[in-house]
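Read the structure below first, then the notes.
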Amino acid sequence: MKSIECKNPYNGEVMGTYTLHDEKEVSTALTKSEKVFCEWKKVPLEERIHYLNKLSALLQHNKMNYAKLVTLEMGKPITESIAEIEKCAWLCQFYEKNAQQFLADELIETNAHESFISYDPLGCILGIMPWNFPFWQVFRFAVPTMTAGNTVLLKHASNVSGCANTLERLFNDAGYPEFCFQTLFVDHNLVEKVISDDVVKAISLTGSEKAGKAIASIAGKHLKKTVLELGGNNACVVWEDADLEKYMDIMVKARMQNTGQSCIAAKRFIVVEAIYDDFMEIFKEKVRKLVSGNPMDEKTEIGVLAREDLAETLEDQVQSSLKKGAKLVFGNERKGTYYEPTIIEQVASGMPAFEEELFGPVAAVVKANDRADSLQKLADSRFGLGTMLFTEDIEEAKKMVGTIPDGSFFINEMVKSDPRLPFGGTKASGYGRELSREGIHEFVNKKTVYINK
């Protein structure tokens, strides 16, 4: 039987081996998911919400154990793993407080005696999730989806299979009906079978642009809805009046958080010429001081990349950009899964560092002539996940809202997800929204009810 072997990317230690499910086991899981949905959807919303309180309590009680598992499987600094678990608990608390309002029947005044929109669950929803935030990505998909009355099948990234196993146990320990949340260990050739099965009503994927296109193609063939949160090449635009002393730590974190392995990271720093030298001086000093080391050490700020092939891909992208005319400021040393924090400048259109998503601790700096030029350069991307702008001219920045084509626009702050706000992208960064009211409405039937007497 085929199996998955998970290794600690920091030291190569085998963390666990997991047997892949075969076709029969997958069919059984689908059947169980459909059966429990028939009962779960009948559970009153106020009762479904109660499970969120227990889920939040378990996350907080077992926070260190879960955080250590995340760090050991994908190399995230332990302090960031702790923050990830805490954010999952916050998400549960948010929907515990707001789900009743979000899913309440919406009365609409028409010629009818009574008319309203009913938000009904669809059925079994498949989540295909990535390794970079192995708890958070699953929670922000599963919590609103299940609270709305759906059941969930999780196909997690293979290198965080221990997290996937633990997540299933966590939902069961919180009291959810058995098989309401199930983890599938399957390889790619069985994913299409799962998507095509009549039991699965929709798919949510967080992953690469390539994966998104493949899943959307299969789902489209079977007329099934998808929510896709894909890659990003976020611009961090710095205007001449930006307060560098106040916001530089945020800018550095925007690139280097999670060892640079974040779709919403600041990947292109577009800095106007008037402030460029000052920016580079402070930015370089801040990045140089980042502490690399064992991800389990609380002092570590830069861990390792999740797999060596990811480090090799990043190295190739940087080398190609340097050959095309970019200049290395410092860094660019790789040893196995470790990639040194790196800054390259003189980055321009046509280079991988400008066109592609660099998934690691590499900052690509672009010099712009002025504000107008900076806006042209930020728009020169096929991605549309988020933009951040640093300036003291807030009124001028607010005028830009309608012209920024991305899913989010942050002024004097890094792009980040927040349970209270919808999250998602445009263009090659995908479509659909997670979190907030919009997220819990993605996998419901917005049913028109019209009553006359």
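The values are calculated or read from the model by the stated rules, or taken from the named source; none is laboratory data. Keep in mind it's a predicted model, so treat the numbers as computed, not measured. Cβ placement follows ideal geometry from the backbone for every residue including glycine, while neighbour counts extend to all protein chains displayed.
The table that follows gives values for the structure above.
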item: Of all residues in region 365-380 being farther than 19 Å from residue 283 by Cβ, touching a residue at least 40 places away in the same chain (Cβ under 8 Å) and of a type in the set (D, E, K, R), the one that is surrounded by the fewest Cβ atoms within 10 Å (Cβ to Cβ); result: 370
item: Tally of residues being closer than 17 Å to residue 382 by Cβ and surrounded by fewer than 23 Cβ atoms within 10 Å (Cβ to Cβ) across region 409-427; result: 2
item: Of all residues making up region 28-48, the number that are in a helix (DSSP H, G or I) and without any contact (Cβ under 8 Å) to a residue 60 or more places away in the chain; result: 4
item: Cβ-Cβ under 8 Å pairs, at least 6 apart or on other chains, region 243-255 side in the same structural domain as residue 276 (by TED's automatic domain parsing), far side part of a helix (DSSP H, G or I) and buried (at least 18 other Cβ atoms within 10 Å of the Cβ); result: 244/279; 248/283; 251/283; 252/283; 252/287
item: Evaluation of residue 264 against (1) outside any helix (DSSP H, G or I); (2) within 26 Å of the chain's Cα centre (by Cα); (3) more than 27 Å from residue 424 (Cα to Cα) (one fails), failing number; result: (3)
item: Candidates 104, 83, 142, filtered to the one that is more than 16 Å from residue 41 (Cα to Cα) and among the hydrophobic types (A, V, I, L, M, F, W, C); result: 83
item: From 430, 360, residue being within 23 Å of residue 328 (Cβ to Cβ), surrounded by 20 or more Cβ atoms within 10 Å (Cβ to Cβ) and touching a helix residue (DSSP H, G or I) at 6+ places or on another chain (Cβ under 7 Å); result: 360
item: Test result for residue 405, in the same structural domain as residue 327 (by TED's automatic domain parsing), closer than 30 Å to residue 312 by Cα and either modelled with pLDDT under 95 or over 16 Å from the mean Cα position of the chain (by Cα) (or both); result: no
item: Members of region 379-417 that are among the aliphatic types (A, V, I, L, M) and under 22 Å from residue 353 (Cα atoms); result: 379, 385, 388, 389, 404, 414, 415
item: Failed item, numbered, when residue 344 is tested on (1) out of contact with any strand residue (DSSP E or B) (no Cβ under 9 Å at 6 or more places or on another chain); (2) crowded, with 20+ Cβ neighbours inside 10 Å; result: (1)
item: Out of 304, 329, sole residue that is more than 22 Å from residue 73 (Cβ to Cβ) and surrounded by 15 or more Cβ atoms within 10 Å (Cβ to Cβ); result: 329
item: Residue that is surrounded by the fewest Cβ atoms within 10 Å (Cβ to Cβ) [pool: residues in region 72-93 that are of a type in the set (Val, Ile, Thr) and within 15 Å of residue 137 (Cα to Cα)]; result: 82
item: Candidates 112, 104, 99, 67 - the one that is surrounded by 15 or more Cβ atoms within 10 Å (Cβ to Cβ) and either out of contact with any helix residue (DSSP H, G or I) (no Cβ under 8 Å at 6 or more places or on another chain) or under 30 Å from residue 6 (Cα atoms) (or both); result: 67
item: Region 390-408, residues that are part of a loop (DSSP other than H, G, I, E, B) and crowded, with 16+ Cβ neighbours inside 10 Å; result: 391, 400, 404, 406, 407, 408
item: Residue check for residue 72: within 17 Å of residue 159 (Cβ to Cβ) and either at pLDDT 95 or above or part of a helix (DSSP H, G or I) (or both); result: yes
